[in-house]
Structures are given as C-alpha cells and as structure tokens.
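One structure is given here, and the rest of the page talks about it.
The values are calculated or read from the model by the stated rules, or taken from the named source; none is laboratory data. This structure is a prediction, so every number in the text was calculated from the model and none was measured. With ideal geometry, Cβ positions are generated from the backbone for all residues, glycine too; neighbour counts draw on all protein chains shown. To get the accessible areas, we keep the full protein, side chains included, count just its heavy atoms, and leave off ligands, DNA and RNA. Shrake-Rupley method; radii C 1.70, N 1.55, O 1.52, S 1.80 Å.
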Amino acid sequence: MYTAVATAVGGRRGSARTPEGALDLTLTAPVETGGDGSGTNPEELFALGYAACFAGAAKLAAKNLGVELSGEPQVTANVGFGPEGESFAITVDLEAELPGIDTGTAQKVTDAAHQLCPYSKATRGNVPVTVTAVTA
C-alpha cells in the first residue's frame, strides 16, 4: 500500500533525508554517548514514529472495544539505547494518555493497541517494550 523511503549517509554522525526533502536532518550522537547533541539521532526518530503509530493504533483499539475517547490519544515513547554484548540494543517504554476514560479501561485499550500497532508487531520478540496507560 505504501513504502517510506529515506537515505542516511555517515551513520550516527551524518545526515538523513527523504527523497522529496520533507525531512532533511543532521544526525548527531546524544551527549550521553559522546556527541554534542546538536542534531537528532536514530532513537529519537524511532521514538517519533512509534509514538505516532501507537496513537493511531490506540484510536482503532478504542473503536474496536466500543470505548469512546473524549479527545486525541497522546503517546510518549521512551527509547533507550545501550550496550548489549559486543553491540548495542534498544528498549521501549510507551506511555499512552487516553482522554475521557478511567485508568483500567485505558490500560485495556493500550494493551489492545500494542497488539495492533505495526511498530509493536515489528519489535515483538526482539525489543523489550512496555506499554502503560497514564492519566494527566
């Protein structure tokens, strides 16, 4: 149905761009990993994509469960980066705020969204992911 395309040059300390130029980014390592933190990094980009995708999945999950939200879901993706053996790995903690419903119902919707979200499907079994409903 759709294929996203982006090209990165130079790895974590380089650049990344989409063909039409909607995104044209300088990549830098975060201060915590020895960079100057002046640009973005792959983990931030992954966090943006996952948060947006999960918010859409939460809307679909709420609809499927017959739950009416009073506004748009707000999802924060915390993507951790660190050593794993001889290489590196990521972890993800998702926090979903679903307006107009109680915490228990919100957690049910969040758990259902985790089954629907393409990013969750892609990471399942490979990346530790936690999903938590939070209230404002």
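If I filter the range 60-73 for residues that are assigned to a helix (DSSP H, G or I), buried (at least 17 other Cβ atoms within 10 Å of the Cβ), over 12 Å from the mean Cα position of the chain (by Cα) and in contact (Cβ under 8 Å) with a residue 40 or more places away in the chain, do I get at least one hit? Walk me through how you get there before you give the answer.
Residues of the range 60-73 that are assigned to a helix (DSSP H, G or I), as a first pass: 60-64.
Right, trim to buried (at least 17 other Cβ atoms within 10 Å of the Cβ) and you get 61-62.
With the extra rule that they be over 12 Å from the mean Cα position of the chain (by Cα), the set shrinks to 61-62.
Filter once more, so that each one left must be in contact (Cβ under 8 Å) with a residue 40 or more places away in the chain: 61-62.
Yes, there is a match, as at least one residue in the range 60-73 is assigned to a helix (DSSP H, G or I), buried (at least 17 other Cβ atoms within 10 Å of the Cβ), over 12 Å from the mean Cα position of the chain (by Cα) and in contact (Cβ under 8 Å) with a residue 40 or more places away in the chain.
Restricting to the range 103-128, what's the tally of residues that are under 19 Å from residue 59 (Cβ atoms) and not in a helix (DSSP H, G or I)?
Number satisfying all stated conditions: 1.
Counting just the residues of the range 9-43 that are within 26 Å of residue 96 (Cβ to Cβ) and surrounded by fewer than 15 Cβ atoms within 10 Å (Cβ to Cβ), which one comes out modelled with the highest pLDDT?
For the range 9-43, the residue satisfying everything is 23.
With respect to residue 57, is the statement that it is hydrophobic (A, V, I, L, M, F, W, C), part of a loop (DSSP other than H, G, I, E, B), farther than 17 Å from residue 128 by Cβ and open to solvent by less than 70 Å² (accessible area, probe 1.4 Å) true?
no
How many of the residues in the range 82-103 are surrounded by 18 or more Cβ atoms within 10 Å (Cβ to Cβ) and either in contact with a strand residue (DSSP E or B) (Cβ under 6 Å, 6 or more places away or on another chain) or of a type in the set (Phe, Trp, Tyr) (or both)?
Total meeting the criteria: 5.
Does residue 108 meet the test of being over 17 Å from the mean Cα position of the chain (by Cα), surrounded by fewer than 14 Cβ atoms within 10 Å (Cβ to Cβ) and basic (Lys, Arg)?
no
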